[in-house]
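Participant: A single structure is presented below for examination.
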Amino acid sequence: MSLIELKQVNKRYHNGADCVTALQELNLAVNEGTFLGVMGPSGSGKSTLLSVLGCLTSPSSGTVHIDDIDVYGLSHEKQADFRREYLGFIFQSHNLIPYLNALENVMLPLAVSKLSTAEKRERACNMLKRVGLPDRMLHLPQQLSGGEQERVAIARSLVNNPPLLLADEPTGSLDSATSLQVMNLLSELHQDGQTIIMVTHNRENLEWFDRTIYLRDGMIEKDSAGDARSFSKAV
Amino acid sequence: MRLEHIVLHNLRRRKGRAIFLVIGLLIGVATVVTLLSLTDAMGQRAQHELENFGANIIITPRSDALALNYGGIQLAGVTLIAKELEQSSLANIDDIPNRRNVATIAPKVLGAVEVDGQRIMMMGVDPAAEFKLKRWWSIAGRPVEQGHELLVGDAVVKRFNLNMGDTLIVNNQDFTVVGLLAKTGSQDDQLLIAPLDVAQATLGKQGQVSMVEIAALCHDCPVDDMVNQLQTVLPGTDVQAVQQVVKTRMHALGQFRLFAWGVAVTVVIIGALLVFVTMMGAISERTREIGIFRAIGYRRQHVLQLVLMEATIVSALAGVLGYLTGVAATLVALPLLDGGKASWQWNPTLAVAAVFAAIFVGLLASLQPAFRASRLEPSEALRAL
């Protein structure tokens, strides 16, 4: 069963008289539990696709259903609730709040929930332990290495137990050893049944995905569904 | 972890901006508190003086004749037989509706007496009321109390070369000088002042008074109404309000109060603009942060709450510190402005109003930046996805 279903999605950006088409007539269905890699050259529409999936940028036309919910049919406030309950974001530049320590950063999505403070703290602690940072909870982001910051960001994206994890080049700014740690962690999550969609430039990451799509000019040029090996050769 | 934790952490992290905001509003609040406290203190001082020093209503017997003196200059050779008031009629003053506003009733009897072949004015007074009313009198010795005692005006002292304890024969009666009145520059210098009953007997005016001075508590009381009320209960008298000094002083205070409000409003507007500009800057600085909040599922109202909560905390702090600074400034300025006579008094209404006004101004100035922040589209704010 598809967790995500995009139909005839177009996204155009207008800049004065210029019109840039970021996504065109894009159709995509992603099953629950999939680790989907999104690749493509710069300007191919990868980030726009992630933004549309993340309920952050409404498409110019077409529909986006996640867990059978027409997400762009929701009001702004309901979209915010949807993001909080269904989506976890991992950003390339970590995007941690600099004045909050690791534990507080992880608790951030829970700050507006009705859970008790003890429950919030327990969830955040468990999540930091899960990503291997049990002893760095009270450190501020600037006191953490790049890899540790990425792991805090992953813990924050998971603390609400979202069905879908969206990652935008999470290894883009990391060295190869740290990248490997992060990909191992994401793979573990995937093996636990987490649906993950990850944008990446790095072809070395292909082996981690169980499905990869290659975008060009806002369209899916290649889709590895069912034939990952030939896809790998093709890209 | 709640929204207020994020706000407090942010304020701690951006201490410089928070302190700048607090100081901006604090100056406004302190200025308002100082100016209002000063005008209040001086107003109360003026009222206190009005209540305690001097009469502001004078009752005299009605006379059909016009006055034949001006500025102390008596038309030579002309004498008028003055009518008198019945002392017992003064009890009617208790019946006026504004009796509560009457602080002191000082009846006097006036008449000419002969001393050593010379005619001098004697004034009989109710010692308790008169000396309460004439607090500016400087007396060597003591005021008259009862019996044949005299308080002697400066001109009379010089004319007869009197000293304390001297005996003066007035209308063939012995009076003892118990007090010498220092020069006042008024007609009081020409008087022999005796207890009312003794003077009435000496002048042959038992049970009569020549005039009555009334001190009314007149900050807000309707003096004109009181004049009419007194006129009604004391027929055959002229009741006049001596309002010129009061009005001049109150007018000056009113002008100062107006000026104070003008300055206060200007300073508060500048403070509000400062908050507005700083908050707008803060929102721009925190655009990415707001994008993160929105991306992880914060509603617009949550972002609005974050900004307004921050403004409330900063403004409340500025209100409290501004009030305390204003009080300190008032305590320093009062002795310089009013010769140390006015005193500061704790005004809880002003304290509460200062804090709430600071919060109101802070919130008002932060509304637009807060709405701007809450309207930021997460994707625009982030630029990361």
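Participant: What is the distance in Å between the Cα centroid of the range A:1-68 and that of the range B:161-205?
Facilitator: With the range A:1-68 and the range B:161-205 each reduced to a Cα centre, they are spaced 109 Å.
Participant: I'd like the Karplus ³J(HN,Hα) series for the range A:14-31: coefficients 6.51, -1.76, 1.60, θ = phi - 60°, whole numbers in Hz, and an x wherever there's a Gly or Pro.
Facilitator: Taking θ as phi minus 60°, the curve returns 10, 9, x, 7, 7, 10, 10, 8, 8, 9, 9, 6, 8, 10, 8, 10, 10, 7 Hz for the range A:14-31.
Participant: Note down the magnitude of the dipole of the range B:56-241 about its Cα centre, charges +1 on Lys and Arg C-beta and -1 on Asp and Glu C-beta and zero elsewhere, to the nearest 20 debye. Don't skip to the answer; put the middle values down first.
Facilitator: Working: 14 positive and 22 negative charges, 64 e Å.
Its charge dipole is roughly 300 debye.
Participant: Quick one: angle between helix B:300-337 and the longest Cα principal axis of chain B, in degrees between 0 and 90, rounded to 10, please.
Facilitator: Helix B:300-337 sits at roughly 30 degrees to that axis.
Participant: Karplus couplings for the range B:2-18 from phi (6.51 cos²θ - 1.76 cosθ + 1.60, θ = phi - 60°), rounded to Hz, Gly and Pro as x?
Facilitator: 9, 4, 5, 5, 4, 4, 5, 4, 5, 5, 5, 5, 9, 4, x, 5, 4
Participant: Would you work out the Kirkwood radius for chain B? I mean one over the mean of 1/r across all pairs of different Cα atoms, in Å. Mind dumping the intermediate values first?
Facilitator: Values: mean 1/r = 0.0381 Å⁻¹.
About 26.3 Å, per the Kirkwood formula over Cα pairs.
Participant: Continuing with this model, one more query. Along the positive direction of the dipole of chain B (beta-carbon charges: Lys, Arg +1; Asp, Glu -1; about the Cα centre), which of B:56, B:337, B:371 reaches farthest?
Facilitator: Working it through, the farthest residue towards the positive pole turns out to be B:371.
Participant: Still on this structure, I have one more. Which ³J(HN,Hα) values, rounded to whole Hz and listed in residue order, are derived for the range A:70-82 from phi using the Karplus coefficients 6.51, -1.76 and 1.60 in 6.51 cos²θ - 1.76 cosθ + 1.60 with θ = phi - 60°, glycine and proline given as x?
Facilitator: Ordered by residue, 3J(HN,Hα) equals 6, 5, 8, x, 7, 5, 4, 5, 5, 4, 4, 4, 4 Hz.
Participant: OK, next. What does the C-alpha gyration tensor say about the overall shape of the range B:56-241? Classify as rounded when a/c is under 1.5, otherwise prolate if a/b is larger than b/c, or oblate.
Facilitator: prolate
Participant: Take residue A:221 and residue B:132, extend 7 Å from each Cα along the Cα→Cβ direction, and tell me the distance between the two endpoints in nm.
Facilitator: Those two pseudo-labels are separated by 10.4 nm.
Participant: Now, a different point. So how do A:42, B:63 line up by other beta-carbon neighbours within 10 Å, fewest first? Don't jump to the answer; show the numbers that get you there.
Facilitator: Values: A:42 7, B:63 12.
In order of increasing Cβ crowding within 10 Å: A:42, B:63.
Participant: Sticking with this one: Going by C-beta contacts inside 10 Å, put A:66, B:313 in order with the fewest on the left. Numbers along the way, then the final one.
Facilitator: Details: A:66 22, B:313 19.
By the 10 Å Cβ count, ascending, the order reads B:313, A:66.
Participant: Against the empirical 2.2 N^0.38 Å scaling, what ratio does the C-alpha Rg of chain A come to? Working shown, then result.
Facilitator: Numbers: Rg = 17.7 Å, N = 235, 2.2 N^0.38 = 17.5 Å.
In units of the globular-protein estimate, chain A measures up at 1.01.
Participant: I would also like to ask the following. Within 10 Å, at most 15 other Cβ atoms, and a DSSP state outside H, G, I, E, B define an exposed site. Report the longest part of chain B free of exposed trypsin sites (Lys or Arg not before Pro). List each step's numbers first, then the result.
Facilitator: On the way: sites that count: B:2, B:62, B:83, B:135, B:183, B:341, B:383.
Longest run free of exposed loop sites: B:184-340.
Participant: How long is the range A:7-128 along each principal axis, judged by its Cα atoms, biggest number first, in Å?
Facilitator: Reported extents, whole Å, longest axis first: 51, 31, 31.
Participant: Can you give the convex hull volume of the alpha carbon atoms of the range A:164-227 per residue, in Å³? Provide the component values of the computation, followed by the final result.
Facilitator: Working: hull volume 6.1 nm³, N = 64.
Cα-based convex hull of the range A:164-227, divided per residue, equals 95 Å³.
Participant: Select from A:101, A:29, B:170 the residue farthest towards the positive end of the dipole of the protein assembly as shown; place +1 on Cβ of Lys and Arg, -1 on Cβ of Asp and Glu, and compute about the Cα centre.
Facilitator: Value computed over the given set: A:29.
Participant: Would you please report the Å³ per residue occupied by the convex hull of the alpha carbon atoms in the protein assembly as shown? The partial results should precede the final answer.
Facilitator: Numbers: hull volume 145.8 nm³, N = 620.
Dividing the Cα hull volume of the protein assembly as shown by its residues yields 235 Å³.
Participant: Also, quick follow-up: Using a simple charge model, +1 on the beta-carbon of Lys and Arg, -1 on the beta-carbon of Asp and Glu, nothing else, what dipole does the range A:2-234 show about its Cα centre, in debye to the nearest 20? List each step's numbers first, then the result.
Facilitator: Numbers: 22 positive and 28 negative charges, 57 e Å.
Dipole size: approximately 280 debye.
Participant: In what sequence do B:188, B:174 fall when counting other Cβ within 10 Å, fewest first? Please report the intermediate quantities before stating the final value.
Facilitator: Values: B:188 18, B:174 9.
Ordered by Cβ neighbours within 10 Å, fewest first: B:174, B:188.
None of the figures in this text is laboratory data; all of them are computed from the coordinates on show. A quick note: this is a predicted structure, and the numbers were derived from the prediction, not measured. Every residue, glycine among them, receives a Cβ derived from its backbone with ideal geometry; neighbour counts consider all protein chains shown.
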